[in-house]
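To keep things clear, I will list the structure first and then write my remarks on it.
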Amino acid sequence: MTTREVRSVCPYCGVGCGIVMSIEDGKVSKIRGDKQHPSNFGRLCTKGLTAHLPLTAAGRMEDAYVRQQRSQQPARSSMDQAIAQAGERLRGIIDQHGADAVALYVSGQMSLEAQYLANKLAKGFIRTRHIESNSRLCMASAGSGYKLSLGADGPPGSYQDFERAEVFLVIGANMADCHPVLFLRLLDRLKAGARLIVVDPRRTATADKADLFLQLRPGSDMALLNGLLHLLHQNGHTDPAFIARHTEGWDELPAFLDDYTPARVAAITGLSEADIRRAAEWIGTAGEWMSCWTMGLNQSVHGTWHSNALCNLHLATGAICRPGSGPFSLTGQPNAMGGREMGYMGPGLPGQRSALVAADRAFVEQQWHLQPGSLRSEGGEGTIALFEQMKTGAVKACWVICSNPVASVANRQQVIDGLRQAELVITQDAFLDTETNRYADILLPAALWAEGEGVMINSERNLTLMPQAVLAPGQSLADWQIIARVACAMGYAEAFDYPDAEAVYDEIRRFWNPTTGYDLRGIGYRQLRQGPRQWPCAPGREADRSPLRYLNDGSSQHLL
Ligand SMILES: Nc1nc2c(c(=O)[nH]1)N[C@H]1C(S)=C(S)[C@@H](COP(=O)(O)OP(=O)(O)OC[C@H]3O[C@@H](n4cnc5c(=O)[nH]c(N)nc54)[C@H](O)[C@@H]3O)O[C@H]1N2
Ligand SMILES: Nc1nc2c(c(=O)[nH]1)N[C@H]1C(S)=C(S)[C@@H](COP(=O)(O)OP(=O)(O)OC[C@H]3O[C@@H](n4cnc5c(=O)[nH]c(N)nc54)[C@H](O)[C@@H]3O)O[C@H]1N2
Ligand code: SF4
Ligand SMILES: [Mo]
């Protein structure tokens, strides 16, 4: 029996570890870490090592299913018929009720190509306000926080910073369990003498490794972060030259921070004053320091402000855009970074653009060959509001792709009520028996990660090609293909007729954004077949890494 090896990326978290699959007999028989991949240098956690098991697990959806009436059970159907039905019924609802009656709910687990096509279809062709993604539950606060603090989404630094930091502030993240391979990298650095501060209401496996564990009251992080800034300022540990050159609004801060004395912060957070002072001292005297955060800060009614307060600590100390320093948001999902770049939440448009900005709309209209003024200058109100609007009957059709909202969106009953109330629910999943599929009128079988081609972008802006390694079961197709085919069935064939994923990707490369520095122009499938590449990457750039985002020579980002 011959064994073939295919390099790819683990699809289970935003660390984005490189993997090498052994293919025997048309099946993935084994997975090992890719020693050359800059995310993991050969390491994998259990999820990566076993990522091939779901490919052949029982319960895959191999055929499409359609029901004509709610009282019936969906019946097995050919993929061609199901796609035709999906297109026809979506079109019917749009004709009768208008574009805003249709919603797409998509995923940070899909490939970049699928994310791009979903948004192109929703905003460019259907012209509904309603496209949302599960990243709203996960990364939206970090993305908005970056935009408000730094002007654009995406981390300023890279995983390489882990090898240079002297102090780590891990806040609202359980890296030991949820980003294990990156945590090993952090532990290596601790062995070399760096110090770890962990902020979490629970004593986690991550907290167990901390030099200083701040077990604060849930939801009191704002007070702690402002309290740390208060002390950094008071101790003379800020960087006035950096503040003067690169920030706005500092003059107002010290008076605001007066409210956050150690005594008051201790009272709010339940921490001891001594521990708060120690954390501020370590951060203030570190040559390089980085912070890592995830859901403990993001999943909050003031998650965006958390991200801002954390960025403020870096801006005030000038510890940003320097090897070993920076606010580093760890992405949960394997391609949430890609989805954010494609604009699949709220008013987003591809290439870190926004439908709220006239110049951005004009650029995208040109790329999509639309009449000027075609794109709408508004977005939806988010995931929770989407299901509310389904429940009230304003949104009449929902197409869920690569997500299981009945299980994962807050207020489950409202999600169920919304799906029941909708006239048409389309689900696109790799497995048949999910909580959400039970409410679907049309079920479309999706290929899993190793069964289709596409690009994934990890926490540090690194792109890895995920090639097709094995055949998809039954009639299932890659997500990007299903989206493109439904779009064609809706009458948009001129804009959705792609021969392969590479053609979709090449269109995405045209969305270079010289305002934010988002730049994939130098990264094609040709380069990605050699190995992963990190953006920003201007045409002709040889280096595969671009570890510091905002230090630029004017080639990816216009100089101010
Ligand atoms: N094994 C495994 N790994 C995963 C995933 C998975 O499903 N399984 N999912 C991936 C995804 S999508 C994501 S988003 C990430 C999630 O990764 P993490 O965000 O690291 O994990 P969580 O357990 O959601 O939350 C992190 C920590 O926040 C703490 N926390 C809760 N409230 C507060 C608070 O008010 N303040 C502070 N400071 N901390 C608080 C919790 O106690 C918890 O330890 O994991 C990714 N990795
Ligand atoms: N109670 C609670 N709720 C939470 C969270 C929590 O910690 N607690 N965490 C939140 C967070 S951070 C996140 S990211 C969300 C995640 O929530 P979901 O978006 O629901 O993510 P998954 O549970 O990973 O479900 C993904 C679905 O996609 C299917 N699937 C897998 N691969 C593919 C594929 O390639 N194509 C297609 N079409 N389908 C595929 C799977 O079968 C599954 O049904 O949950 C959020 N909700
Ligand atoms: S750390 Fe994340 S990307 Fe790496 S092997 Fe584990 S689940 Fe996969
Ligand atoms: Mo997540």
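The values are calculated or read from the model by the stated rules, or taken from the named source; none is laboratory data. On a predicted model such as this, the values are computed, not experimentally measured, just so you know. Quick reminder, even Gly has a Cβ in these numbers, built from the backbone with ideal geometry, and neighbours come from all protein chains shown. Accessible surface is based on the protein model in full, side chains and every heavy atom, while ligands, DNA and RNA are left aside. Shrake-Rupley method; radii C 1.70, N 1.55, O 1.52, S 1.80 Å.
Descriptive notes on the structure:
- Apportionment of accessible area to carbon and sulfur, the stretch 3-56, percent (1.4 Å): 53 percent
- In range of the label at Arg203: residues from the stretch 177-194 whose backbone nitrogen is under 18 Å from the point 7 Å along Cα→Cβ: 177
- Reciprocal mean inverse distance between Cα atoms of the stretch 351-455 - Kirkwood radius, Å: 15.8 Å
- Gyration tensor (alpha-carbon) shape descriptor, the stretch 487-538, a/c threshold 1.5: oblate
- For Asn235, distant residues with modelled amide H under 5 Å away: none
- Taking a straight line from the alpha carbon of Lys47, these lysines sit under 26 Å away, with near neighbours fewer than eight places off in the same chain left out: Lys27, Lys30, Lys35, Lys191, Lys209.
- Distance from the alpha carbon centroid of the stretch 346-371 to that of the stretch 175-230 works out to 39 angstrom.
- Computing FRET efficiency as 1/(1 + (r/R0)^6) for Ser22 and Glu542, where r is the C-beta to C-beta distance and R0 is 25 Å, gives about 0.20.
- Computed extension length for Ala274-Thr515: 82.4 nm, one decimal, from 0.36 nm per residue of separation with the Cα-Cα distance subtracted.
- Simple spin-label estimate for Thr3 and Asp177 gives 3.4 nm between the two label positions (7 Å along the Cα-to-Cβ direction from each Cα).
- For Val400, residues with placed amide H under 5 Å, excluding near neighbours: Tyr105, Ile426, Thr427, Gln428
- Shape category assigned to the stretch 140-327 from the gyration tensor of Cα positions, a/c cut at 1.5: rounded
- 3J(HN,Hα) couplings calculated from phi for the stretch 33-50 with the Karplus curve 6.51 cos²θ - 1.76 cosθ + 1.60 (θ = phi - 60°) are, in sequence order, x, 8, 5, 8, 7, x, 7, 9, 6, x, 7, 9, 8, 4, 5, x, 5, 10 Hz; Gly and Pro show x.
- Dipole size of the chain about its Cα centre, with +1 on Lys/Arg Cβ and -1 on Asp/Glu Cβ: approximately 560 debye, rounded to the nearest 20.
- Residue list for the stretch 281-306, given a label point 7 angstrom along the Cα-to-Cβ vector of Arg217 and an amide N cut-off under 17 Å: 301-302
- Per-residue Karplus couplings for the stretch 221-228, computed as 6.51 cos²θ - 1.76 cosθ + 1.60 with θ equal to phi - 60°, are listed in order as 5, 4, 4, 4, 5, 5, x, 5 Hz, Gly and Pro entered as x.
- Fraction of accessible area attributable to carbon and sulfur, the stretch 406-536 (%, probe 1.4 Å): 46 percent
- Inverse mean reciprocal Cα-Cα distance (Kirkwood Rh) of the chain, Å: 24.3 Å
- A 1.4 Å probe run over the protein chains yields, for the stretch 271-390, 32 Å² of accessible area per residue, whole-number rounding.
- The stretch between Ala57 and Asp506, if pulled fully straight at 0.36 nm per residue, gains 158.3 nm over its current Cα-Cα span.
- Hz values of 3J(HN,Hα) by residue in the stretch 68-73 - Karplus curve (6.51, -1.76, 1.60), Gly and Pro given as x: 8, 9, 4, 6, 8, 7
- Accessible solvent surface per residue of the stretch 56-116, calculated while the other protein chains remain in place, 1.4 angstrom probe, Å²: 43 Å²
- Lysines with Cα under 19 Å of Lys396, excluding same-chain neighbours fewer than 8 positions away: Lys123
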